[in-house]
Every structure is written in C-alpha cells, then in structure tokens.
Amino acid sequence: LQGQLWHLWCEKDKELYHLREKGNRSIEQHRSEIETAKQRIRHKQLTKAKPPNDLMRSVIEILLYSKTHNKFYFIQWLSMFMNNLTAEHLETLREKQRAVWSQIQMEKKKASKSNSMQSLQNDIEVISTKISKCTLGIDQLLREIGQIYEALEEASSINDSLFLSLPQIAADLMISGAPIELMDGDVSYVPLKWVAAVFDKVSEKLGDKRLFVLSVVGLQSSGKSTLLNALFGLQFSVSAGRCTRGAYMQLLKVEETFREELGFDLVLLVDTEGLR
Ligand SMILES: Nc1nc2c(ncn2[C@@H]2O[C@H](COP(=O)(O)OP(=O)(O)OP(=O)(O)O)[C@@H](O)[C@H]2O)c(=O)[nH]1
Ligand SMILES: [Mg+2]
C-alpha cells in the first residue's frame, strides 16, 4: 500500500495546494478531479488491504494478541531476520554513500562551486533513493498497518473490527517505549488520520497525564539523533550522511520522584529529518 499507491495519493494531495485554472477548467473543477483521484487510489488500496495478505495478517494478529514481552521478542527477531535479507546490499550502498559524503565534505572545505559538487549531490540522492527502496523492516510493516487503517477509514468501514483494533497496535508499542513513525520520510507526509487515532488510543490508555513534547530541529548530520540518544538513552538511528528520514516519536515515562519537580509525567521525544 505504501510503495506506490500511498506515494501517488500524497502527490495528489499536495496538488490540492497548488490549484490552477487551466483553460476552461475552473479551480473548483480541478479540486474535485483531484478529490476523485484520491478516492480512487484509496479504493485500490482497499482492494489490497481487505482482507490483509498473509504477512500483514500474521503481523497484526501477533502484535494485537500477544503479551508485551512476547511482542518485543517477536519484533526483535523479525527485525533481525529482515535485516539479514537486505544487510549485504545495504552495506555496499552505505559504503558508497559514505565515500561520496566525505568527497562532498572535502569539496565544501575547498569552498569551490564547481560542477563536481552538483554531480556529487545527485549521486547522494540516487544512493539515498536506492537505500530507501531496499530498506525493509518493522517500520515499513507498521507504516503498512497505518495505510490499511487509512484505507478502511476512507471506505467508512468504521464498524469493521479490524479497523477499530489497528490503532491499539501502535499505541501499545508507543506506551512500552518503542519509537513510532510520525512522518513518513519517503513521501514527506504525515498520515494524519492514523496518527490521530494512535494518539487517541494512547490518551485513552494512559488517562489524563501531563505531557512535555521535546523536539529537535537542525541541519542535516549535525548530531540531533546522537544528542537525543545520549541524553535519554535511546536508539534513534545515527550515521554520517542523511540518516533520519521523516520524524519519529518516542514516549518516556518520568520517574515518580521527579514528576512534581518537573511538572509533567511523560516526555514525548520527536527526532526529525535534518534541514537543507
Ligand atoms: N565528532 C563528533 N561527531 C558527532 C557528534 N555528534 C554526532 N556526531 C556524528 O555525526 C554524525 C551524524 O550524527 P546524527 O546524530 O546522525 O546527525 P543527525 O542530525 O541526526 O542527522 P540527520 O538525521 O541525517 O539529519 C554521526 O556519524 C555521529 O556519530 C559530536 O558531538 N562529535
Ligand atoms: Mg537523525
């Protein structure tokens, strides 16, 4: 659902903010054409999402019905298996990326505005695209669950038991401290309905708590993720060259003894993709 259809849907949605009159076609007409196209894409997603394929069905069942520690056990092993599938290929790509990246740094020091800089930037983009296409892990599975949710929502299957149970998966993981994707970095888009549903579920489960949101913004590779990891003992991914894509959030409980002093019960950390 996420590879092509969600990509197309996001493109269409972004078009809504660049409406233009074209020939005898008014802006209103343009808008309604885009809305129809968006709905068509959601319906295509729906035919693939319902019933979910074998992989997604078993992932959803395990994440919904097993105990918390079993869930984490399952997630750890599954990410290891999935890592093994792509590790070799990704390692070669990352090596290339590092090489080009250090070349860029060298060019920057020389402060030359030559053509080679431009072509290096292009190389980096090509490698990044390859890396993201070849990445397969828990993040992609959770993103897929989000897309199943959004497709079902669009088809107003809101009494569907599958639909109602999906946000619980991400909410449970979030409450037990796993990082959850807030913005899909491949399409630069926040799946709003899904994220809202997950937050609803989280606040339903945790009750009325005081929450402090801490987010980090800054240039690419300036050490944002490293800083959060060091301050809070997390494992946001870190590397030379563009690394974090999109935005991730992680919920941390504040220890009982500090709650009064700090004035909040929970911290929500948001790690974001670098600027420029
Ligand atoms: N020498 C040194 N290296 C650092 C420091 N902080 C981070 N790094 C390194 O800088 C590189 C980039 O760090 P990240 O934490 O991935 O940077 P980021 O800002 O999250 O990058 P993006 O997510 O791609 O925007 C990594 O190789 C880190 O190990 C620091 O204080 N000193
Ligand atoms: Mg980062």
- Message: Could you go through the range 243-265 and let me know if any residue there is of a type outside the set (D, E, K, R), open to solvent by 50 Å² or more (accessible area, probe 1.4 Å) and either within 16 Å of ligand 2 (Cβ to nearest atom) or in a strand (DSSP E or B) (or both).
- Response: no
Residue pairs qualifying under the 7 Å Cβ cut-off, at least six apart or on distinct chains, with the first in the range 223-238 being farther than 21 Å from residue 254 by Cβ and open to solvent by 70 Å² or more (accessible area, probe 1.4 Å) and the second being part of a helix (DSSP H, G or I) and near ligand 1 (Cβ under 6 Å from one of its atoms), are 237/225; 238/225; 238/226
When (1) in contact (Cβ under 8 Å) with a residue 24 or more places away in the chain; (2) open to solvent by less than 50 Å² (accessible area, probe 1.4 Å); (3) out of contact with any Phe, Trp or Tyr (no Cβ under 6 Å at 6 or more places or on another chain) are applied to residue 117, the one that fails is (1)
Condition set more than 8 Å from ligand 2 (Cβ to nearest atom) and either under 19 Å from the mean Cα position of the chain (by Cα) or of a type outside the set (Gly, Ala, Ser) (or both), scope the range 222-238, selection modelled with the lowest pLDDT: answer is 235
Note on the range 206-217: residues on the phi > 0 side of the Ramachandran plot and surrounded by 13 or more Cβ atoms within 10 Å (Cβ to Cβ) are none
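Among the helices (runs of 4 or more DSSP H) confined wholly to the range 107-192, which include 2 or more residues that are farther than 23 Å from residue 42 by Cα and of a type in the set (A, V, I, L, M)? Before the answer, list the steps.
Numbers: elements: 115-134, 138-154, 161-175.
Those helices (runs of 4 or more DSSP H) span 115-134, 161-175.
Within the range 151-183, track down each residue that is out of contact with any strand residue (DSSP E or B) (no Cβ under 7 Å at 6 or more places or on another chain), of a type in the set (D, E, K, R) and modelled with pLDDT of 90 or more.
Quick first cut of the range 151-183, residues out of contact with any strand residue (DSSP E or B) (no Cβ under 7 Å at 6 or more places or on another chain) only: 151-169, 171-172, 176, 178.
From what is left, the residues that are of a type in the set (D, E, K, R) are 153-154, 160, 172.
Result: 172, single match.
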Would the range 170-190 turn up any residue that is open to solvent by 20 Å² or more (accessible area, probe 1.4 Å), in contact with a Cys (Cβ under 8 Å, 6 or more places away or on another chain) and closer than 27 Å to residue 87 by Cβ? yes
Taking the range 206-242 and keeping only residues that are part of a loop (DSSP other than H, G, I, E, B) and more than 12 Å from ligand 1 (Cβ to nearest atom), one is left with 207, 208, 209, 210, 233
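Before we move on, is residue 203 in a helix (DSSP H, G or I), open to solvent by 20 Å² or more (accessible area, probe 1.4 Å), within 16 Å of residue 142 (Cβ to Cβ) and among the small types (Gly, Ala, Ser)? Outline the logic, then answer.
On the way: in a helix (DSSP H, G or I): yes; open to solvent by 20 Å² or more (accessible area, probe 1.4 Å): yes; within 16 Å of residue 142 (Cβ to Cβ): no; among the small types (Gly, Ala, Ser): yes.
Taking the combined requirement at face value, the residue does not satisfy it.
Consider residue 18 carefully, then state whether it is under 20 Å from residue 189 (Cβ atoms), at pLDDT 85 or above and open to solvent by 20 Å² or more (accessible area, probe 1.4 Å). Don't jump to the end; show me each part of the working.
Working: under 20 Å from residue 189 (Cβ atoms): yes; at pLDDT 85 or above: no; open to solvent by 20 Å² or more (accessible area, probe 1.4 Å): yes.
Here the answer is no, as residue 18 does not meet what is asked.
Filter the range 266-276 for residues that are assigned to a strand (DSSP E or B) and either open to solvent by less than 60 Å² (accessible area, probe 1.4 Å) or near ligand 2 (Cβ under 10 Å from one of its atoms) (or both) and give the result.
266, 267, 268, 269, 270, 271, 272
The values are calculated or read from the model by the stated rules, or taken from the named source; none is laboratory data. Since we're looking at a predicted model, the values are computed, not measured. Please note: Cβ atoms are built from the backbone with ideal geometry, for glycine as well, and neighbour counts cover all protein chains shown. The accessibility values were calculated without ligands, DNA or RNA, using every heavy atom of the protein model including side chains. Shrake-Rupley method; radii C 1.70, N 1.55, O 1.52, S 1.80 Å.
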